[in-house]
Amino acid sequence: MSADRAYTDAELAAVYDSLNLSGEDEAFYRNLPQQTSRILDVGCGTGQLALAIAADGHAVTGVDPAPGMLAIARSKDTGGRVHWVEANGQDFSIPGCFDLAIMTGHVFQVFADDAEALGTLCNIRRHLETGGRLVFESRNPLCRDWEGWTREKTQARHEVPGIGAVEVHYQVLDVQAEHVTFESVFDFIDTGRQTRSLSRLRFPSADQIRSLLERAGFSRLAWMGGWDSSPLAKDSAEIIVLAGV
Ligand SMILES: C[S@@+](CC[C@H](N)C(=O)[O-])C[C@H]1O[C@@H](n2cnc3c(N)ncnc32)[C@H](O)[C@@H]1O
């Protein structure tokens, strides 16, 4: 599948922040560094979290392959606090080492298969200092979130600064084993334009994630099931993992 237009298209990227408001996940990630740290945000998107963490005093590098998302991130970074890198998770190469790497907003689920996930994990590990950590989350497949991704259940209107009202809904097109294909439909009310983007997400189990992390050389794995740091359970909405080097 070609790159997701929701990220590569400048107009859709401009809508992203209005659909994805900061929540408990942002607080969770911002609380991770114990001291001033060098932080790598892989799949940083529009840079919402990267900028917040930089404002907390950390040295932050944000990596993302989508020019539309990075353009929004750069436009918000008026103080030039974050180092932005246009690359995908497998390919980026940045001099120096990091204390903490994060992948937020379910970035891990965009990796299509084991090869892509493993390539990214190995590359991240290569960029981490000894004693460093990687932290990310993935939706728990046992909760079958995609069953709620229908027009009726997701239709919502958002006010987007500079663009106006946008109605958005999601609908699943196909479920094949651990992959869910769905489209996002954007109706720009002022112009009458409708745009769709096609996405395919993987829903790996905690066991699959564990195996990939171990193959990439991570150890000291710790698991949580929610942003309140509750333990991972069968019905946890999130699989949150902290992995050490
Ligand atoms: C749902 S967004 C999450 C953005 C941000 N981390 C957040 O929490 O809002 C997923 C991001 O992953 C990026 N992405 C897609 N493929 C990627 C890859 N192979 N490596 C790294 N990032 C990727 C997309 O461009 C997009 O910005």
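The values are calculated or read from the model by the stated rules, or taken from the named source; none is laboratory data. Computed from a predicted model, the values in this text were never measured in an experiment. Note that each Cβ is placed from the backbone with ideal geometry, even for glycine, and that neighbours are counted across all protein chains shown. Surface accessibility is based on the protein's heavy atoms, side chains included, excluding ligands, DNA and RNA. Shrake-Rupley method; radii C 1.70, N 1.55, O 1.52, S 1.80 Å.
Residue by residue, here is whether (1) assigned by TED's automatic domain parsing to the domain that holds Ile163; (2) in contact (Cβ under 8 Å) with a residue 40 or more places away in the chain; (3) surrounded by 13 or more Cβ atoms within 10 Å (Cβ to Cβ) holds:
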| residue | (1), (2), (3) |
| --- | --- |
| Thr195 | yes, yes, yes |
| Ile209 | no, yes, yes |
| Phe218 | no, yes, yes |
| Leu221 | no, no, yes |
| Ser229 | no, yes, no |
| Ser236 | no, yes, yes |
| Ile239 | no, yes, yes |
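Residues of segment 129-161 that are open to solvent by less than 40 Å² (accessible area, probe 1.4 Å) and within 16 Å of the ligand (Cβ to nearest atom): Leu134, Val135, Phe136, Glu137, Ser138, Trp146, Thr154, Val160. Is it true that some residue in segment 101-111 is more than 9 Å from the ligand (Cβ to nearest atom), outside any loop (DSSP other than H, G, I, E, B) and either assigned by TED's automatic domain parsing to the domain that holds Asp174 or open to solvent by 20 Å² or more (accessible area, probe 1.4 Å) (or both)? Within segment 101-111, none of the residues are more than 9 Å from the ligand (Cβ to nearest atom), outside any loop (DSSP other than H, G, I, E, B) and either assigned by TED's automatic domain parsing to the domain that holds Asp174 or open to solvent by 20 Å² or more (accessible area, probe 1.4 Å) (or both).
Residue check: Arg38 meets all listed conditions (1) within 13 Å of the ligand (Cβ to nearest atom); (2) in contact with a Phe, Trp or Tyr (Cβ under 9 Å, 6 or more places away or on another chain); (3) at pLDDT 95 or above; (4) within 29 Å of Asp228 (Cα to Cα) but one, namely (1). Among the criteria (1) near the ligand (Cβ under 10 Å from one of its atoms); (2) in a loop (DSSP other than H, G, I, E, B), the one Asp25 does not fulfil is (2).
The conditions of being among the acidic types (Asp, Glu), surrounded by fewer than 24 Cβ atoms within 10 Å (Cβ to Cβ), assigned by TED's automatic domain parsing to the domain that holds Arg126 and near the ligand (Cβ under 9 Å from one of its atoms) are met by Asp17. When His169, His179 are checked against the criterion of being open to solvent by less than 70 Å² (accessible area, probe 1.4 Å) and out of contact with any helix residue (DSSP H, G or I) (no Cβ under 6 Å at 6 or more places or on another chain), a single residue qualifies: His179.
Scanning segment 75-94 for residues that are over 18 Å from Val245 (Cβ atoms) and either more than 13 Å from the ligand (Cβ to nearest atom) or crowded, with 22+ Cβ neighbours inside 10 Å (or both) gives Ser75, Asp77, Thr78, Gly79, Gly80, Arg81, Val82, His83.
Only one residue in Gly23, Gly45 is within 25 Å of Met224 (Cα to Cα) and touching a strand residue (DSSP E or B) at 6+ places or on another chain (Cβ under 8 Å). Which one? Going through Gly23, Gly45 in turn, just one is within 25 Å of Met224 (Cα to Cα) and touching a strand residue (DSSP E or B) at 6+ places or on another chain (Cβ under 8 Å): Gly45.
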